[in-house]
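The values are calculated or read from the model by the stated rules, or taken from the named source; none is laboratory data. A quick note: this is a predicted structure, and the numbers were derived from the prediction, not measured. Cβ: placed from backbone, ideal geometry, glycine included. Neighbour counts: every protein chain shown.
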Amino acid sequence: MRIGFGNDLHRLEDGEKLILGGIEISFKTGSVGHSDGDALLHAVTDAVLGALALGDIGTHFPDHDDRWKDSDSSIFLAEAARLAREMGFEIVNVDSTISIERPKLRPYIDEMRANVADALGVEIESVNVKAKTGEGLGEIGNGLAVKAEAVVLLDSKSD
Ligand code: MG
């Protein structure tokens, strides 16, 4: 078995799209990023790549490459899952937490889980997504940033 950890932080600014877990959420601020700025999918992608000891999302999809500008981040996650399978691993489960002050993410959680599961090629029961606020403190609490953290467990298919 192998474990991987990923995290990601994006600035939130007026007039940007807020995309989390593959869902565009209607809100006054959104995440600044080269791709679609989806902090959750970036964190899970980094967790899978981390478990494989294959570097990070920037190694595979450099932000100076125009191919990935405004890109749908599920492409990155699906590619990380493909690499895992190619190396003989299956994805056992994913746990993750998004930290954002507003909006409340509860209505979107199950759709996010489904999107992460689809990109990884696993069942929704293998994916957990949690949401927290910043309790009014710091960059999260003041609505200046969104953060996501994820852990993933991989198992060798031959077991
Ligand atoms: Mg990112």
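For the stretch 1-29, how many residues are aromatic (Phe, Trp, Tyr) and within 16 Å of the ligand (Cβ to nearest atom)? So that I can check it myself, show each step before the final result.
First, the residues of the stretch 1-29 that are aromatic (Phe, Trp, Tyr): 5, 27.
Imposing the further condition that a residue be within 16 Å of the ligand (Cβ to nearest atom) reduces the set to 5.
Result for the stretch 1-29: 1.
Looking only at residues in the stretch 65-113 that are in a helix (DSSP H, G or I) and of a type in the set (Phe, Trp, Tyr), which one is surrounded by the most Cβ atoms within 10 Å (Cβ to Cβ)?
Taking the stretch 65-113 and keeping what is in a helix (DSSP H, G or I), we get 66-68, 74-86, 106-113.
Cutting the leftovers down to of a type in the set (Phe, Trp, Tyr) gives us 68, 76, 108.
Details: Trp68: 20, Phe76: 25, Tyr108: 20.
By that ranking, first place goes to Phe76.
I want to confirm something. Restricting to the stretch 30-45 and keeping residues that are more than 9 Å from the ligand (Cβ to nearest atom) and closer than 20 Å to Lys104 by Cβ, which single residue is modelled with the highest pLDDT?
For the stretch 30-45, the residue satisfying everything is Leu40.
Return a yes/no flag: does the stretch 134-156 have any residue that is among the hydroxyl-bearing types (Ser, Thr, Tyr), in a loop (DSSP other than H, G, I, E, B) and on the phi < 0 side of the Ramachandran plot. Steps first, please.
So in the stretch 134-156, the residues among the hydroxyl-bearing types (Ser, Thr, Tyr) come out as 156.
Going one step further and asking which of them are in a loop (DSSP other than H, G, I, E, B), we end up with none.
Looking for residues that are among the hydroxyl-bearing types (Ser, Thr, Tyr), in a loop (DSSP other than H, G, I, E, B) and on the phi < 0 side of the Ramachandran plot, one finds none in the stretch 134-156, hence no.
Please work out which one of (1) without any contact (Cβ under 8 Å) to a residue 40 or more places away in the chain; (2) away from the ligand (no atom under 14 Å from the Cβ) is the condition His60 fails and give its number.
Condition (2) is where His60 drops out.
Looking only at residues in the stretch 14-27 that are more than 25 Å from Asp118 (Cα to Cα) and surrounded by fewer than 13 Cβ atoms within 10 Å (Cβ to Cβ), which one is modelled with the highest pLDDT?
Going through the qualifying residues, I end up with Asp14.
Residue by residue through the stretch 92-123, note down the ones that are out of contact with any strand residue (DSSP E or B) (no Cβ under 6 Å at 6 or more places or on another chain) and either small (Gly, Ala, Ser) or closer than 17 Å to Ile3 by Cα (or both).
Of all residues in the stretch 92-123, those out of contact with any strand residue (DSSP E or B) (no Cβ under 6 Å at 6 or more places or on another chain) come to 101-104, 106-107, 110, 114-115, 118-119, 121, 123.
Selection gives Ala114, Ala119, Gly121.
What is the number of the single condition among (1) closer than 30 Å to Ser158 by Cα; (2) within 16 Å of the ligand (Cβ to nearest atom); (3) more than 15 Å from the chain's Cα centre (by Cα) that Phe89 does not meet?
With respect to (1) closer than 30 Å to Ser158 by Cα; (2) within 16 Å of the ligand (Cβ to nearest atom); (3) more than 15 Å from the chain's Cα centre (by Cα), Phe89 is out only on (2).
Let me confirm something: among Val48, Val94, which residue is on the phi < 0 side of the Ramachandran plot and within 16 Å of the ligand (Cβ to nearest atom)? Walk me through it before giving the result.
On the way: Val94 fails: within 16 Å of the ligand (Cβ to nearest atom).
Selected residue: Val48, the only one of Val48, Val94 that is on the phi < 0 side of the Ramachandran plot and within 16 Å of the ligand (Cβ to nearest atom).
Return only the number of the condition from (1) in a helix (DSSP H, G or I); (2) closer than 16 Å to Gly33 by Cα; (3) of a type outside the set (Gly, Ala, Ser) that Pro62 does not satisfy.
(1)
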